[in-house]
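Accompanying notes for the structure given below.
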Amino acid sequence: PVAFDPNLRPALWSDLDDAKNTILRAFPFTDILKLSEEEFSFLTGQSPSQTAVRQFCSSYPVQALLLTKGPKGCSVFSGGHTVELPAYPAKTIDTTAAGDAFTGAFLCRLAELNKPINACTKDDLLLLARFANAAGGLTTAKKGAISALPTRMEVDRALQKNDSLRL
């Protein structure tokens, strides 16, 4: 499967229309797409409502849309299922790499499930989203990028300590 996180940085583009068109050209080749709310709005011209997300997902062959919403948590849309989670409780210091941690953790747990994303049940998606959400949240509690990324053991420990996130 191909996963894509455009990680839009407007300051790196001389023309935002070019950025949008370049990013959109990758979607037909993408199975799992991770977007922030801001990126979704930039690419679609709409806020990420249920209707806008359904319309978006029907326009591209993306099998899963991972939507990160910062302090509002995340949503995962795949195979007709929607999973919504609040943000992982963390004392945020720096949001650098939180989306990268989220995406990497989601893909790690998906690989461990050993099934394609389009075969995942709603419970599977919940497991994936909880793990990814915790990894992203833990990353915000430290300063930096690579140095802030939690280990697998740290994510597992955090999920065990937080009853509201336990399966």
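The values are calculated or read from the model by the stated rules, or taken from the named source; none is laboratory data. Since this is a predicted model, take the numbers as computed values, not measurements. Note: ideal-geometry Cβ built from the backbone for every residue, glycine included; neighbour counts use all protein chains shown. When the accessible area is computed, the model is the full protein with side chains, heavy atoms only, and any ligands, DNA or RNA have been set aside. Shrake-Rupley method; radii C 1.70, N 1.55, O 1.52, S 1.80 Å.
Numbers at a glance
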{"quantity": "Answer label, with semi-axes √(5λ) of the Cα gyration tensor in Å calculated from the coordinates and candidates (1) 29, 20, 14; (2) 40, 17, 15; (3) 25, 20, 14", "calculated": "(3)"}
{"quantity": "Residue-normalised accessible area of the stretch 61-167, given per residue in Å² at a 1.4 Å probe", "calculated": "50"}
{"quantity": "Gyration tensor over alpha-carbon atoms, the stretch 18-79, equivalent ellipsoid semi-axes in Å", "calculated": "17, 14, 11"}
{"quantity": "Separation in nanometres of the label points that stand 7 Å from Cα toward Cβ, at S59 and L16", "calculated": "1.7"}
{"quantity": "Spatial separation of Cα centroids for the stretch 114-167 and the stretch 59-111, in angstrom", "calculated": "9"}
{"quantity": "Debye log10 I(q)/I(0) for the stretch 86-136, one point scatterer per Cα, at q = 0.21 Å⁻¹", "calculated": "-0.71"}
{"quantity": "For peptides 70-77, 99-106, sequence by mean Cβ density within 10 Å, most packed first", "calculated": "99-106, 70-77"}
{"quantity": "Carbon + sulfur, % of accessible area of the chain - ligands and nucleic acids excluded, 1.4 Å", "calculated": "55"}
{"quantity": "Sequence ranges 129-138, 5-14, 29-38, 109-118, ranked by mean other-Cβ count within 10 angstrom, highest first", "calculated": "129-138, 29-38, 109-118, 5-14"}
{"quantity": "Per-residue HN-Hα couplings for the stretch 118-128 [Karplus 6.51, -1.76, 1.60; θ = phi - 60°; Hz; x = Gly/Pro]", "calculated": "6, 9, 6, 7, 4, 5, 4, 4, 5, 4, 4"}
{"quantity": "Pairs of lysines in the stretch 32-153 (C-alpha under 17 Å apart; 8 or more residues apart or interchain)", "calculated": "6"}
{"quantity": "Helical mean residue ellipticity (222 nm; -39500 (n - 2.57) per DSSP H run of 4+; nearest 500) of the chain", "calculated": "-14000 deg cm²/dmol"}
